[in-house]
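Computed from the coordinates by the stated procedures, all read-outs in this text should not be read as laboratory data. Remember, it's a predicted structure, so these values are computed and weren't measured experimentally. No Cβ is skipped: glycine too gets one built from the backbone with ideal geometry, and neighbour counts run over all protein chains shown.
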Amino acid sequence: MARPLNQGNTSMGREIRHLVVPGLAILLVITVVAAACTGSVSIPAFHVVQYMASHTGLTDAGIPWQHEAVLGSIRLPRIFLGTLVGATLAVSGASLQAIFRNPLADPGLVGISSGCALAAAGTVVFGTTLTGEPWLLPIAAFVGGMAAVSVVHLLAAINGRVNPATMLLAGIAVNALCATGIGLLVYLGDDLQMRQFLFWTMGSLSNSDWRQIVPASLIMCVAVFVLVRQSNQLNILVLGEREAGHLGMDVPRFIRLSTILVSLGVGAAVSVSGVIGFVGLVVPHLVRLVIGADHRLLLPGSALAGAILMTLSDTAARTLAEPAEMPIGLLCSLIGAPCLVWLLFCRTRRSTAS
């Protein structure tokens, strides 16, 4: 398998690298407050902070009821969901890149996104529209993603052991099969259904609601927490499966557990936000440039950076074209694609120089 795209800036001192994660955490707080202030109804930052503090029992809200309604019912559920989705996609991408030891590994390669999209297309065409039963589409998408990943695991298992290289190929095959099914459903659906499905595949957080996002949020939180806790094992695994086994690590079990966690987290994320590309691929690379390849710093740094990127992208999506809304996946691609080209260009320059 290919080696990671780069091993990070090894010349940066350890003390400075350890300051990056707290710095990203502070930046995320600032980004969240700024996003809550921004929109068709402008809200002062003091009111946002006061509203958040009131829900921790520190103080009474004491803000206009209009601002309280906008924050509690519209903006904060959306921002909360966006940060979780961004963190989940970024941590999942960093974990898969370590498991496969492949710089181009991302959550979409193991069939999750395409499985969710196929189930969503089937729900739109044969079940309901996106506005009819809002809870049906996320559930169907999650089930579809899990089914696709189960097929990938079944194809990749050799004598009970999951082979990363075989899993990558199985993921490509399942993605192609799902793409065929989506094409057939697009042919069968009418124009309204396909417009609705197309908007979902481009990503959106517009249907965020506390009651609807709680189940998916719990799954994403558990997946991110456990994956970050496994950072030491990922550091061992990138040395090679044989070396990791010699150090006492149960490699097949670890790979199986990690891919299940990634599948659950990404399946939950895609089910509530639609298909959002490049976050799981580009964010870990950008963080690795600054922090290095130590997953004890890389995974929390990727989670924070992914959350920041999603929050900024969603804020732009709902404000740049008011009163309409742009797909958040489109904005993430506009940011992620040039970053990926730049990373590949830098890698080519280093390879040529050496």
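Looking at the chain as a GNM with Cα springs under 10 Å, which of 91, 151, 262 has the largest mean-square fluctuation? Sorting by GNM fluctuation, first place goes to 151. Measuring r between the beta carbons of residue 322 and residue 163 and using R0 = 56 Å, the FRET efficiency lands at 0.70.
Between 121, 267, 98, the Cα set farthest toward the positive side of the dipole of the chain (charges on each charged residue's Cβ, about the Cα centre) is that of 98. In the chain, helical runs assigned H by DSSP with n ≥ 4 each contribute -39500 (n - 2.57); averaged across all residues and rounded to the nearest 500, the mean residue ellipticity at 222 nm is -24000 deg cm²/dmol. The alpha-carbon atoms of the chain, seen along their principal axes, cover 62, 56, 40 angstrom, with the largest extent given first. Within the listed set 104, 19, 76, the Gaussian network model of the chain (springs between alpha-carbon atoms below 10 Å) gives the highest mean-square fluctuation for 19.
Apply the Karplus curve 6.51 cos²θ - 1.76 cosθ + 1.60, θ = phi - 60°, to the phi angles in the stretch 190-201 and return the couplings in whole Hz, x for Gly and Pro. Karplus-based 3J(HN,Hα) across the stretch 190-201 equals 8, 4, 5, 4, 6, 5, 5, 5, 4, 5, 5, 5 Hz. Taking the chain as a Gaussian network, where each spring joins two C-alpha atoms under 10 Å apart, which residue of 249, 202, 167 fluctuates the most? In this elastic network of the chain, the residue with the biggest mean-square fluctuation among 249, 202, 167 is 249. A simple rule links phi to the HN-Hα coupling: the Karplus curve 6.51 cos²θ - 1.76 cosθ + 1.60 with θ = phi - 60°, which for the stretch 303-318 gives 4, 5, 5, x, 5, 5, 4, 5, 5, 5, 5, 5, 4, 5, 4, 8 Hz, with x for Gly and Pro.
You can think of it this way: the chain between residue 346 and residue 218 has 42.3 nm of extra reach, that is 0.36 nm per residue less the Cα-Cα gap.
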